[in-house]
Amino acid sequence: EHVHSVLRFIEAKKKSAVGLAKEELAKMEERARQSVQRLANLKNSQKEATEKVGLEVLVKEAAEKLQTVQDTVAKAADAEGPFLMGVEELPLDETLAAVKAVETASTAANTAASIARMFIATK
């Protein structure tokens, strides 16, 4: 903003200046315009850096949520082990415990997947 004010001031003075003063004002005006351009470039660079940092944080958080999904799905798969071993009849108490473990693990996996899906959708 201050540089723009200086540019307006130089332009106003340049209209009434003559000779050497007008030449010096033209040089000052060019330097002021270069400063405006450098400031604009700096603002853009700062904005890009800020966005990059924010994006890196979001990617890290999304990766953590997806890792949680993978972990909970793996636990659900492990909980199904007793049913996949080929043992046709398990004792009732073991069967009930295994079913409960599968239900708990699959609920956790679904919850983790929902959390990850909502996070990704909102970002």
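Derivation of every value follows stated rules applied to the coordinates shown; laboratory data play no part. This one's a predicted model, so the numbers in the text were calculated from it and none came from an experiment. All Cβ positions, even for glycine, are placed from backbone atoms using ideal geometry, and neighbour counts span all protein chains on display.
Using each residue's phi in the stretch 17-30, evaluate 6.51 cos²θ - 1.76 cosθ + 1.60 at θ = phi - 60° and report the 3J(HN,Hα) Karplus result to the nearest Hz, with x for Gly and Pro.
These are the phi-based 3J(HN,Hα) values: 7, 9, x, 4, 4, 5, 5, 5, 5, 5, 5, 5, 4, 4 Hz.
Which one, 98, 84, 17, projects farthest toward the positive side of the charge dipole computed for the chain from Cβ point charges (K/R +1, D/E -1)?
The one lying farthest along the dipole's positive direction is 17.
Please give the contour-minus-distance gain from residue 96 to residue 53: 0.36 nm per residue of separation, less the Cα-Cα distance, rounded to one decimal in nm. Walk me through the numbers before you get to the answer.
Details: separation 43, 0.36 × 43 = 15.48 nm, distance 4.88 nm.
Value of the extension gain: 10.6 nm.
Work out the length of the dipole vector of the stretch 1-81 about its Cα centre, built from +1 on the beta-carbon of each Lys and Arg and -1 on the beta-carbon of each Asp and Glu, and round it to the nearest 20 debye. Please list the in-between numbers first.
On the way: 15 positive and 14 negative charges, 193 e Å.
The dipole of the stretch 1-81 has a size of about 920 debye.
Classify the stretch 1-47: rounded, prolate or oblate, from the alpha-carbon gyration tensor (a ≥ b ≥ c, eigenvalue square roots; a/c under 1.5 rounded; otherwise prolate if a/b is larger than b/c)?
Prolate.
Provide, for q = 0.21 Å⁻¹, the log10 of I(q)/I(0) from a solvent-free Debye sum over equal Cα point scatterers in the chain.
Values returned for q = 0.21 Å⁻¹ are -1.08.
When the helices in the chain are scored as -39500 (n - 2.57) per DSSP H run of 4 or longer and the sum is shared across all residues, what 222 nm value do you end up with, to the nearest 500 deg cm²/dmol?
-32500 deg cm²/dmol
Relative to the first principal axis of the alpha-carbon coordinates of the chain, what is the inclination of helix 92-122, with its axis defined by its Cα atoms, in degrees from 0 to 90 and to the nearest 10?
Helix 92-122 sits roughly 10 degrees off the main axis of the chain.
Report the extension gain between residue 85 and residue 1 in nm, rounded to one decimal, defined as 0.36 nm multiplied by the number of residues separating them, less their alpha carbon distance.
Difference between extended and current length: 22.8 nm.
Measure nothing but the geometry: give the 0 to 90° angle between the long axis through the Cα atoms of 2-16 and the longest principal axis through the Cα atoms of the chain, rounded to 10°.
20 degrees
Can you give me the distance in nm between label points at residue 115 and residue 38, each placed 7 Å from the Cα along the Cα-to-Cβ direction?
4.9 nm
For residue 31 and residue 63 in the same chain, what is the full-extension length gain: residue separation times 0.36 nm, less their Cα-Cα distance, in nm? Before the final figure, lay out each step's value.
Values: separation 32, 0.36 × 32 = 11.52 nm, distance 4.74 nm.
Here the segment from residue 31 to residue 63 would lengthen by 6.8 nm.
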